[in-house]
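Notes to accompany the following structure.
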């Protein structure tokens with residue numbers, strides 16, 4: 001029996017909606033003894049340790065966790081302690097957060113339209129600031145005023161409370177009219 005075609009799980013995986021229309025089960029590869037074949041799993045998911053911000057061990061732990069495995073079970077399968085799995089998982093999630101922050105920074109800096117929103121600005125004034133900058137550059141923004149305020153508020157996190165912009169923001173608008181919002185850190 002080809003072990004890659006076995007679909008027995010000790011712990012049921014989360015259902016994952018894939019862009020190709022499948023449910024993600026094709027990424028789960030189990031061995032005859034019921035263990036997940038992490039090498040095959042990472043290969044089929046396209047993990048490349050040379051171009052990834054995660055170490056191989058971090059990718060392994062996250063792959064198992066995303067399939068609903070408990071840290072104790074992962075530790076047993078990888079031959080390590082639960083505490084080590086916990087530390088590896090925390091480091092992996094921190095690396096992912098840092099990678100996302102780097103991408104957000106690069107997108108904000110590369111946006112052709114950048115609007116500085118100073119601390120103390122009323123959130124209701126932000127759409128006019130964005131629309132004026134986009135009009136001057138002949139660029140269409142893909143948001144109505146209420147959508148724009150919601151997007152800015154959501155992306156800014158604690159920097160916006162109610163209508164008050166409490167920290168300076170950099171609002172970027174991409175060539176395709178999408179927003180990129182960052183705390184500017186004056």
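In this structure, residue 92 does not satisfy being out of contact with any helix residue (DSSP H, G or I) (no Cβ under 9 Å at 6 or more places or on another chain) and under 30 Å from residue 52 (Cβ atoms). Applying the set (1) touching a residue at least 12 places away in the same chain (Cβ under 8 Å); (2) surrounded by 12 or more Cβ atoms within 10 Å (Cβ to Cβ) to residue 120 leaves exactly one unmet item: (2).
Please enumerate the residues belonging to segment 66-92 that are under 27 Å from residue 155 (Cα atoms) and in contact (Cβ under 8 Å) with a residue 12 or more places away in the chain.
Initial filter on segment 66-92 (under 27 Å from residue 155 (Cα atoms)): 66, 89-92.
Passing the criteria: 66, 89, 91, 92.
For segment 175-186, filtering for residues that are farther than 15 Å from residue 132 by Cα and out of contact with any helix residue (DSSP H, G or I) (no Cβ under 6 Å at 6 or more places or on another chain) leaves 6.
Residues that are surrounded by 13 or more Cβ atoms within 10 Å (Cβ to Cβ), closer than 30 Å to residue 130 by Cβ and within 11 Å of the chain's Cα centre (by Cα) within segment 81-110 comprise 96, 99, 104, listed in sequence order. Those helices (runs of 4 or more DSSP H) of segment 26-142 in which 2 or more residues are assigned by TED's automatic domain parsing to the domain that holds residue 153 and modelled with pLDDT of 95 or more occupy 126-136.
The values are calculated or read from the model by the stated rules, or taken from the named source; none is laboratory data. Nothing here was measured: the structure is a model prediction, and the numbers come from that model. Cβ: placed from backbone, ideal geometry, glycine included. Neighbour counts: every protein chain shown.
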